[in-house]
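The values are calculated or read from the model by the stated rules, or taken from the named source; none is laboratory data. Here the structure is a predicted model, which means the values were calculated and not measured. Note: ideal-geometry Cβ built from the backbone for every residue, glycine included; neighbour counts use all protein chains shown. When the accessible area is computed, the model is the full protein with side chains, heavy atoms only, and any ligands, DNA or RNA have been set aside. Shrake-Rupley method; radii C 1.70, N 1.55, O 1.52, S 1.80 Å.
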Amino acid sequence: MRNFLRLRKNREFDYKPRYYKGEGSPYKIEHKLDKFRTTAHHQRGLKNKFSNAFNDLRNEGDRHMRMRFIIILAVLILVFLYIIDFDLSIFFGS
């Protein structure tokens, strides 16, 4: 009886094309723009992912994109508060 908790390994073949004269492996699948993306590289760990995200926000921010994001976030929060019947009058003094 096989062990159901352990996954089967894929077979590996050491095939090299006979007439390929290019750089690197011809079988490596990579998008054309992966060189320019900061999120395409393998970053292990939650801390590295958050630090990369914060660096992207600091360095490559578009002012209009940030304002659009803040407006969409505010609208979604207000819709959520309306759905749960939250009383907004506590923020406004009367």
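Counting heavy atoms of the protein chains alone, TYR15 has an accessible area of about 150 Å² for a 1.4 Å probe.
Restricting the trypsin sites (Lys or Arg not before Pro) of the stretch 43-94 to loop positions (DSSP other than H, G, I, E, B) with no more than 13 neighbouring Cβ atoms within 10 Å leaves ARG44. Computed over protein heavy atoms with a 1.4 angstrom probe, the accessible surface ordering of TYR27, TYR82, largest first, is TYR82, TYR27. Across PHE92, PHE86, PHE50, the residue with the most accessible area heads the list, and the full order at a 1.4 Å probe is PHE92, PHE50, PHE86.
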